[in-house]
Every structure is written in structure tokens, then in C-alpha cells.
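> What follows is a structure written as C-alpha cells; I'll ask about it next.
Every number here is computed from the coordinates shown, using simple stated rules; none is lab data. Since the model is a prediction, treat every value here as computed from it, not as a measurement. When we count neighbours, we look across all protein chains shown, and the Cβ atoms used for this are built from the backbone with ideal geometry, even at glycine.
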Amino acid sequence: MTRRKLLKSICTLISLFWIAAISSPVVKFILSPLKNKNEGPKKYRLVHLSQLKINSPEQFNIVSDHRDAWMVTPNETVGRVWMTRTSEIAENPKETTIRVFSAVCPHLGCTIQSTSDKKSMVCPCHKGMFHLDGEPISNKKLGYKNPTPRSMDSLNYEIIKDEKSEEWWIEVEYQKFKLGPTTKTPLS
Amino acid sequence: MNWLDSRTGSNRLINSYKNRVLPDGASWILSSAGCLFWLFVIEVITGLLLMTCYSPSVPSAWASVHYIDGLPGGEFIRGLHYYNSQALIILFTIHTLRVLLMASFRKPKEIIWITGILIAPAMVVWAVTGNPLPGTLDGFSQINVEGNIIASTPIVGPIFRKLLLGGDEVGNRTITHLYFLHVALFPIIMGLLLGLHITQIYRHSDKIDDLDKSNTKAVPYWPYQSIRNLTTFSLIFGLICGMVWFYGHPLKVPADSGIHHVPRPEWYFIFLFELRRYFTGQWEVVATLIIPGIALTLLLLMPLIDRISSEKTSKVMRYLIVTGGILTWSGLTMLSVLRDHSDVDYQHSKTHLAALTARVNELADHDGVPPQGAITLLRNDPKIQGPILFIKHCSSCHSHADANGKGIIAESPSAPNLYQFGSREWIQGLLDPEKIQSEHYFGKTEFKEGEMAEWILSSGDSEEEEDIKDFKAEMKQVVISLSAQAQLKSQAEMDKKDTDLIREGDTVIKEGIGCTDCHQYHDAGELGSGPDLTDYASRSWMVDFISNPAHERFYSDSNDRMPKFHDNFKEPNKNLLDQKTIEIITDWIRGDWYELERD
């Protein structure tokens, strides 16, 4: 090996060493958003059972501390749900049937609204349409392709009694789901 | 000059421009290139100016852009940046189609063509990264949906989305990421592509020295083509300035996921938006990725395709691509625009947002933007939120409608109509024997047969006409005086004028006709049987009343069905309404909000 060749290889080695050394923090820094883990399901008390309207869907906000990168905003709306009571309040209030859906459209995540006649649900972005029970309205009935991949995402809930005030509350387990798949899959 | 040239070789640069020759003569159609260059320069200059005041974060983005609009020339510069970017997109498309038709991509100009074709999508994406930066509702919805479209790409999609948004949702890091892309990465990419594009053009253009002397058509680029370039530029840029001047580009509503709206992409993307209608579910990727991908590859490979096909096929193909492209783009765009035009929901959302846009700018001008960001301006505005909150929380029992029934009508009215609550008219009606038992007041409540109604119906009755007259005069004073307690904005002038009457009325309430037998009024009477009349219908009185109508100060045990909206101070989350919401509803009922004075 000549002296010149040796010097050339040393130059290459030094460069490679520093590239390798610096690339680890660089890549880690760039990929940092991937580390952001989604919160699992969390329970929220939303409304008195007696205040929930019957057979007419109503939207409720999920209010919680909202962390956005370096900022935490207290009492921010972090999600929305649609709730409908579908039966009279039962003697044992726990047996009252209600529907609870996430307002996030399973297509591309816009907020689902109720139509002005309150007889169906619609996503304003790409006109995904749903029946009040959350099932997608058929293409045939719509006259165009319903863009939604699945029905509205139903959420778990519990009807519970407040220890002190003896009021019956609806407690909803709010979580987010993957957009796109034909079956409901929690976002992890 | 020589001094500089001997050190930097700058004359070579100047001469390459000076010595450039157009063998076929100057023409207007060639001016698209020079014109684009100057529009690009304008875009960079306005962009750099905006950077000096823009602040990239969720709470500050909108506020800083609103601040820019208030600076001398600020609104104009921002408008230029906006319209100019779209002019660039349009003109670049025309430029590309022109080059395609003229087959100017042939050997040895392939690199010019390829860099040009790469600049086109880069420029559109560059513009797209800028749209959400002002923190508007439109901008945020667009990047949210765009992010989800990216995420629908198989395998790598979700990762790309997270890297773009800086997490799972549009937020602070989305803005810093987009800012980085918009003012750092894309300028570098575009600079490199454009640099290569232009140096290649000069490398392959004819020079004055190697020109065939017999070519009589040939003219130097400078000034024969340059004057055409600058004329076209002046026309287009003049048009842009005119649009900025006459239409402007008002800063839209700040992002708030609580505002119902129907988002749409920018006009140049509407064709893709329409295309997605025909490819749903797993086929969506065809519209978002495969078709645009194929189109781009086809264009990139144009020099190759041209070489292997005959002159005639190439020509037919090029004309087909151009007409097909224009027809597809405009056809899809038209379809979507026409559908939206007849879509009631969309039109409604558009006018609604226009009203909110005007309002939020008014509020920001008047109050300034608090540190939590512009989002709070509309959220805390009684004028906007009042009716919404009233319908949601009050209108199952209370109406808020004038005598003609205009306003909010309760689903099943079972409590007083709160239209102009606390005003002289309202109180006068309440104290009117003919009205107190009507639906407008106590008609549908337990108080219909209550002590107050009984008192109103029985008082003032007398044999003596003189007595009745006196009583009526006293009641009038009571109305004026009690209504002054509310300190309504709409009555401020009347209250000021009637100071003496109000003072007399105070004495009547305290000592005259027996109000303080049941009610407390300042230092007279006691709490316990009827609502406190001290500061009756004032802001603090109403907030306290709504929070807990069954409080000793108000109805105590005789409270009818009105819920206690905020009486749990230990666990504020368990209340039906928070303090702020109650204040907003109160301010709205009292007609107390900022209104821009128009002349």
C-alpha cells in the first residue's frame, strides 16, 4: 500500500465514522413523532341519563387535558360522540338502552353530523351517510358510492349512579380507531 | 467591472444572457419562462417579508397573521403571496403544456424537461404546505384530510402521516413541520431543480458567436425576447395586484374542530377530490396514488417515448395528452363545483363561515388575541355562542322570541320567555295582571298560582279612582327602577336620563307598595321567600341564579323545575355547565357583546 492510498483510506474512514456517529441522533430525532403513543380508552362522564333525548341523536364533547407537543391545554375538547336514548328510562336505569358512537368518520376522520331532518348521519367531507343505528346507507339508496369503509364506531358505555347526588350518569369509554379498515380496530 | 470579473468571473454570467440568441426569432409564447422566473422572485420576496412576523404555533399562528394584516402594507403583501402562488401554478402548467406541444424536450434537452416535470408537483406541494400555516379552519381541515389520504397508502402511509403531522393529530408540531417544509426544505429543493433547469437552458441555447450568418430570423434574446417577457409579466402581475387590491384575501376563521363546516381542497386539487368519488374503499389508492403516479411517470418518460415513436404518432400523442389533460381536469372540477353549487349544506356552511370570518376579525381587531389563541375569540363570543348554547341548554323550557314569535321557540314552552329579560318591557309585563299568568311569564310554571301572581292580581284594586291612578304611577316607577338594577347595555342611556325617577322608584320598592315584604332589596327586606331584587337581572345576579336557582337568594325550596347548573364547587366537572358557559349565555340574554360600529 502506498502512502497516498493509505491517506485516502484514512480520509474515507474518518468521514464514514462521523457520518455514522451523527446519523444516529439525526434519524432518531426525525423519527421522534413515531414514538408518540396514543392514549388507550379513557372513561368520561358525559350527561345525566334523564337529560339524554329519546330517539334524537345529540352530540357531546369529550373534554380533557389536551397535550399538543410542548403545550398542555386544560379542559379542551379532545373528541366528540353522538348519543341517543332508544328506550324509556327503565325501572333499573342500567337497563335503559342507548347508542353511543364516536363522531369521527371512519373514512378520513372528519366530524360526522346529523342531517337537518335528524333522520340520518352525514360526514360533510365526502358525503359518507349513516342510518341512526350507525350502519352505512347503501349505495343504491344514495345513488352514489358511500365512501365509508364501515359503520360508525360504537363506544362502550356504562350507566352509573353518582354516590353523592344519586343522579344517574352516562359514562362513555372514549377511544380512537384506525381510519380505513372495514372492521373497527383500536388505534394503539 | 473588470476588477470584479477578474476575481469572480462575473462577466461570463452576464454574457451568457447577453449573447443568447433565438434562432427562430422572439415570440410571445416563449415569454412564459421569463415570466415564471419573475413571479418566482416575487413569491420569494413576499415570503421572506411574511417570515419576519409569522409565528409558527397553534395559539400564535392565526394571531400573528392577523397582526401582519394590520401592519402597513401587510395585508397587500400577504395577498400577493397568496394569489401569486396560484398564478405560478397556473402559468407553470401552461408553460409545461407549451413545452410539450413544441416538443422542446428532445435531445439534448431531456434534463430540462425532467427537472421541469419535477418542479410542477413540487410547486403544488410547496403551496399545500403553506395553506395551513395561518392556522385557519380551512387550512387545518385540509392538512388533516391530506394526512389521512397519505395514511391510506399501503404500508408506509401511516408512518409518513405521523412524520408529516408530528404525531397523531394536527397540532403544534404539524405547524412547525409544515413551516420547515415551506420555508426551508422546499425552497432548497426548488432552488436546486430550478438552478439545474435554468443552467441547462443556457447550456443548450444558441450563442451569438456560433450563429449561422444566413439566418435572418435570428434575434438576440436581450432585449427582443426580454421586452416580451416583461410585458407578459406586467400584465399577469398587474392582474394579481388588482385582485389583491379589489378582492383581498381575508384571514379565514381560526381552526376549531367545534365549528361545523364542509371542508374542500384548494381549487387546483378539486379534480382529485372528485376523482375519489369514483374510487372508494380499497380502490381509493387508485385515485390518490396510482392515476397521478402514472400520469407523472408518463410525462417524465416523454423524451424516451417520443424517440421510439414516429414524428406523426408523437405529435398526435402530445396533442391528445394536452387536450385530454385539460378536459379531464376541467371536467372533474366542473362536476364537483356544480354539485357543491346545488348542495344546500355546503352553501349554508359557506355563508356561515363567511359570517364567522368577519366576526372573528372584528373581535381580534377590538380585543386583541389572548395567549390561548384566536380559538377563544369565537368560543367566548356571546353573539355567536349565545344562541347555540341557549338552544342546547335552555330552550327545552325557555323561549327567547319577540312578540312576533321571531327567535328561539322552546320545544315545549314551560318557563318564562327570556327575550329582553330584565328590560322595562319585560318587567312591566311581569307586573301586569293580564300578562303574569300568560305563557310568556308564569303561565306554565308552578308560580302561575303563586303568591306573586296573587299579589299582582289583587293589588291596586280600590274604590277610589285616584288610588288606582297613584298605584299605577308607582308601579311605573318600580318598573323603571327595578329594570335599572339590570344595568342593560340597551337601556344605559334611558337609565342615565331617568336618574331621578329611579331614585324615587327605589323608595317605592323599599317602603311603598310592599315588595320588601317578600323580597330583599339592598338594605330593605329579607331573603327567604322571594328572589333577591338587589341587582335584579344584572350579570352577576343571572350567573348566580342559573348556577343555583334553589339558592336561598332566589327560589329556595319553592324552585320549580329549573336545574342547578353549577352548584358543585368541590368537583367542578360534575356540574351541568361550567362557569364560562353560564356567563356567555347570560351575556347573550342581556344583549351584552361587542358590536362593530358601522357608519
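> From the Cα gyration tensor of the range B:376-426, with a ≥ b ≥ c the square roots of its eigenvalues, which class applies: rounded if a/c is under 1.5, or else prolate if a/b is larger than b/c, or else oblate? Before the final figure, lay out the partial values.
Details: a/c = 2.23, a/b = 1.45, b/c = 1.54.
Oblate shape, in that a/c is at least 1.5 and b/c is the bigger or equal ratio.
> Any chance you could check the Cα centroid distance between the range A:22-59 and the range A:103-128 for me, in angstrom?
With the range A:22-59 and the range A:103-128 each reduced to a Cα centre, they are spaced 19 Å.
> Now for a different question. Separation between the B:Asp557 and A:Asn55 pseudo-spin-labels, each 7 Å from Cα along Cα→Cβ, expressed in nm?
4.0
> Could I ask something else about it? Distance check, please: which entries in A:Lys37/B:Lys350; A:Lys43/B:Lys570; A:Lys145/A:Lys184 exceed 26 angstrom between their Cα atoms?
A:Lys37/B:Lys350
> Could you line up B:Tyr202, B:Tyr521 from fewest to most neighbouring Cβ atoms inside 10 Å?
On the way: B:Tyr202 14, B:Tyr521 19.
The order, fewest Cβ neighbours first, is B:Tyr202, B:Tyr521.
> To the nearest 0.05, how large is the calculated FRET efficiency for B:Asp567 and B:Asn15 if R₀ is 60 Å and r is the Cβ-Cβ distance?
On the way: r = 85 Å, r/R0 = 1.42.
My answer for the efficiency is 0.10.
> Please give the length that would be gained between B:Arg98 and B:Lys392 if that part of the chain were fully extended, namely 0.36 nm times their separation in residues minus their C-alpha to C-alpha distance (nm, one decimal).
Details: separation 294, 0.36 × 294 = 105.84 nm, distance 5.78 nm.
Gain in length upon complete extension: 100.1 nm.
> Quick one: among A:Met71, A:Met121, A:Met152, which has the greatest mean-square fluctuation in a GNM of chain A with alpha-carbon springs under 10 angstrom?
Maximum among the listed residues: A:Met71.
> While we're on this one: Placing +1 at every Lys and Arg Cβ and -1 at every Asp and Glu Cβ, with all other atoms neutral, what dipole size does the protein assembly as shown have around its Cα centre, in debye to the nearest 20?
Values: 81 positive and 89 negative charges, 1684 e Å.
The dipole of the protein assembly as shown has a size of about 8080 debye.
> Taking the Cα centre of the range A:49-180 as origin, sum charge times position over the Cβ atoms of Lys and Arg (+1) and Asp and Glu (-1), and report the length of that vector in debye to the nearest 20.
On the way: 17 positive and 18 negative charges, 197 e Å.
Charge dipole, the range A:49-180, about its Cα centre: 940 debye, nearest 20.
> Please give the FRET efficiency for A:Val63 paired with B:Tyr247, using the beta carbon to beta carbon distance and R0 = 56 Å, rounded to the nearest 0.05. Working shown, then result.
Numbers: r = 39 Å, r/R0 = 0.70.
The computed FRET efficiency comes out at 0.90.
> Within a 10 angstrom radius of the beta carbon, how do A:Thr12, B:Thr507, B:Thr357 rank from fewest other beta carbons to most? Don't skip to the end; give the middle numbers.
Working: A:Thr12 10, B:Thr507 13, B:Thr357 18.
By the 10 Å Cβ count, ascending, the order reads A:Thr12, B:Thr507, B:Thr357.
> Here is a further query. Might you report the magnitude of the Cβ-based charge dipole of chain B about its Cα centre, with Lys and Arg at +1 and Asp and Glu at -1, to the nearest 20 debye? Before the final figure, lay out each step's value.
On the way: 53 positive and 70 negative charges, 1303 e Å.
My answer is approximately 6260 debye.
> P(r) for the range B:263-342: what percent of alpha-carbon pairs falls in each 10 Å bin, starting at zero?
For the range B:263-342, the pair-distance distribution reads 16, 40, 28, 14, 2.
> Compute the longest continuous run of chain A that contains no exposed trypsin sites (Lys or Arg not before Pro); treat a site as exposed when its DSSP state is not H, G, I, E or B and it has at most 11 other Cβ atoms within 10 Å.
Working: sites that count: A:Lys37, A:Lys119, A:Lys164.
With trypsin sites (Lys or Arg not before Pro) excluded where exposed in loops, chain A gives A:38-118 as its longest stretch.
> Also, I was wondering about something else. Could you sort B:555-563, B:584-592 so that the peptide with the highest average Cβ count within 10 Å comes first and the rest follow in order? Don't skip to the answer; put the middle values down first.
On the way: B:555-563: 14.8, B:584-592: 21.9.
So the order, starting with the most tightly packed, is B:584-592, B:555-563.
> Additional query: Starting from the Kirkwood radius over alpha-carbon pairs of the range B:308-348, derive D by Stokes-Einstein at 37 °C in a medium of 0.692 mPa s and give it in µm² s⁻¹.
Values: Rh = 12.4 Å.
Translational D for this selection: 265 µm²/s.
> So for the protein assembly as shown, taking the charge dipole from beta-carbon charges (+1 Lys/Arg, -1 Asp/Glu), which of B:Leu300, B:Leu353, B:Gly70 sits furthest toward the positive end?
It is B:Leu300.
> Please give the net charge around B:Ser31, taking every other residue with its beta carbon less than 15 angstrom from that of B:Ser31, where Lys and Arg add +1 and Asp and Glu add -1.
Numbers: positive: B:Arg20, B:Arg98, B:Arg228; negative: B:Asp24.
Value of the local net charge: +2.
> May I pose another question? Quick one: if the Förster radius is 30 Å, what FRET efficiency do A:Thr185 and A:Glu158 give, using the C-beta to C-beta distance and rounding to 0.05? Spell out each step's value before the answer.
Details: r = 22 Å, r/R0 = 0.75.
After rounding to 0.05, the efficiency reads 0.85.
> Separate question: Taking 0.36 nm per residue of sequence separation and subtracting the Cα-Cα distance, how much length would be gained by fully extending the chain between B:Ile188 and B:Gln372, in nm to one decimal? Provide the component values of the computation, followed by the final result.
Details: separation 184, 0.36 × 184 = 66.24 nm, distance 3.36 nm.
Value of the extension gain: 62.9 nm.
> Quick one: length gained pulling B:Ser490 to B:His348 fully straight, 0.36 nm per residue minus the C-alpha distance?
Details: separation 142, 0.36 × 142 = 51.12 nm, distance 3.08 nm.
So the chain would gain 48.0 nm between B:Ser490 and B:His348.
> Still on this model: Count charges around B:Leu163 for me, please; just the other residues with Cβ under 15 Å from its Cβ, Lys/Arg as +1, Asp/Glu as -1.
On the way: positive: A:Lys28, A:Lys35, B:Arg161, B:Lys162, B:Arg173; negative: B:Glu146, B:Asp168, B:Glu169.
Taking every other residue near B:Leu163 into account, the sum is +2.
> Let me know the volume per residue of the alpha-carbon convex hull for chain B, in Å³. The partial results should precede the final answer.
Details: hull volume 138.9 nm³, N = 599.
Hull volume normalised by residue count: 232 Å³.
> Sequence-distant or interchain residues sharing an amide H contact under 5 Å with A:Lys178, placed H: which?
Answer set, sorted by chain and number: A:Thr185, A:Leu187.
> If you bin every alpha carbon distance in the range B:60-107 into 10 Å steps from zero, what whole percent lands in each bin?
24, 29, 20, 15, 12, 1
> Report the residues of the range A:170-188 in range of a label on A:Ala90: point 7 Å along Cα→C-beta, backbone N strictly under 19 Å from it.
A:170-173
> Separate question: Per the Cauchy relation, a quarter of the hull surface: what is the mean projected area of the convex hull of the alpha carbons in the range B:165-311, in nm²? Let's see the in-between values first.
Details: hull surface 65.4 nm².
The orientation-averaged projected area of the Cα hull of the range B:165-311 comes to 16.3 nm².
> Now a separate question. Using DSSP H assignments, which helices in chain B have an axial alpha-carbon span of 24 Å or above and a mean Kyte-Doolittle hydropathy of -0.5 or higher? Before the final figure, lay out the partial values.
Details: long enough: B:31-51 (30 Å, 1.94); B:74-101 (40 Å, 0.75); B:110-130 (30 Å, 1.77); B:186-203 (25 Å, 1.24); B:221-246 (35 Å, 0.79); B:311-341 (44 Å, 0.28); B:344-367 (34 Å, -0.65); B:465-485 (31 Å, -0.40).
Membrane-span-like by this rule: B:31-51, B:74-101, B:110-130, B:186-203, B:221-246, B:311-341, B:465-485.
> Using only atoms on other chains, find how many Cβ atoms lie within 10 Å of each Cβ of peptide B:257-269 and report the average.
Working: counts 9, 5, 1, 4, 5, 7, 4, 2, 0, 0, 0, 0, 0.
Average neighbour count from other chains, rounded to a whole number: 3.
> With a cut-off of 8 Å between alpha carbons and a minimum separation of six or more residues, what is the relative contact order of chain B in percent?
On the way: 702 pairs, mean separation 78.9, N = 599.
Rounded, it is 13 percent for chain B.
> Another question about this same structure. For the range B:1-59, what does the equivalent ellipsoid look like in terms of its semi-axes, each the square root of 5 times an eigenvalue of the Cα gyration tensor, given largest first in whole Å? Walk me through the intermediate numbers first.
Working: eigenvalues 241, 104, 8 Å².
Semi-axis lengths for the range B:1-59 are 35, 23, 6 Å.
> Please compute, for the alpha-carbon atoms of the protein assembly as shown, the extent along each of the three principal axes and give them in descending order in Å.
124, 62, 60
> For the charge dipole of the range A:72-149, defined by +1 on Lys and Arg C-beta atoms and -1 on Asp and Glu C-beta atoms about the Cα centroid, which residue among A:His107, A:Asn139, A:Thr73 has the Cα displaced farthest towards the positive pole?
Value computed over the given set: A:Asn139.
> Between the range B:69-114 and the range B:288-334, how many Å separate their Cα centres?
Cα centroid to Cα centroid, the span is 20 Å.
> When B:Glu583, A:Glu95 are ordered from fewest to most other Cβ atoms inside 10 Å of their Cβ, what list results?
On the way: B:Glu583 18, A:Glu95 10.
Starting with the residue having the fewest Cβ neighbours, the order is A:Glu95, B:Glu583.
> Excluding residues on the same chain fewer than 8 positions from A:Lys28, give the aspartates and glutamates whose Cα lies under 18 Å from its Cα.
By straight Cα distance, A:Lys28 reaches B:Asp168.
> Another one. Treating the range B:430-538 as a set of equal point scatterers at the Cα positions, no solvent, please give the Debye-formula log₁₀ I(q)/I(0) at q = 0.11, 0.22 Å⁻¹.
For the range B:430-538, the Cα-only Debye profile gives -0.37, -1.36.
> Let me ask something else about it. What's the angle, to the nearest 10 degrees (0 to 90), between helix A:3-30's Cα axis and the longest principal axis of chain A?
Helix A:3-30 and the main axis of chain A meet at about 10 degrees.
> Testing the spin-label approximation: label points 7 Å from Cα along Cα→Cβ at B:Val322 and B:Phe37. State their distance in nm.
About 2.3 nm, to one decimal.
> Between Rg and the Kirkwood Rh of chain A, both from Cα atoms, what is the Rg to Rh ratio? Provide the component values of the computation, followed by the final result.
Details: Rg = 25.6 Å, Rh = 20.1 Å.
Expressed as Rg/Rh, it is 1.27.
> Using the Kirkwood radius over C-alpha pairs as Rh, can you work out the diffusion coefficient of the range B:149-237 via Stokes-Einstein at 4 °C, viscosity 1.567 mPa s, in µm² per second? Each step should come with its number before you reach the end.
Working: Rh = 17.8 Å.
Estimated diffusion coefficient is 73 µm²/s.
> Looking only at Cα atoms, what is the convex hull volume of the range A:142-188 per residue, in Å³?
On the way: hull volume 4.5 nm³, N = 47.
Spread over its residues, the Cα hull of the range A:142-188 gives 96 Å³ apiece.
> Can I ask one more? Go from 0 up to the bin containing the longest alpha carbon distance in the range B:447-508, width 5 Å each, and give me the % of pairs per bin.
4, 17, 20, 18, 17, 14, 8, 1, 0
> Give me a single rounded figure for B:277-286: the average over its residues of other chain Cβ atoms within 10 Å of their Cβ. Don't skip to the end; give the middle numbers.
Details: counts 5, 2, 2, 10, 9, 3, 1, 6, 0, 0.
The shielding value for this peptide is 4.
> I've got another one for you. What trypsin sites (Lys or Arg not before Pro) in the range B:113-222 are in a loop by DSSP, with at most 16 other Cβ atoms within 10 Å of the Cβ? Before the final figure, lay out the partial values.
On the way: sites: B:Arg161, B:Lys162, B:Arg173, B:Arg203, B:Lys207, B:Lys213, B:Lys217; in loops: B:Lys213, B:Lys217.
Sites meeting the loop and neighbour criteria: B:Lys213, B:Lys217.
> Between the alpha-carbon centers of the range A:170-188 and the range B:120-161, tell me the distance in whole angstrom.
Rounded to whole Å, the Cα centres lie 23 Å apart.
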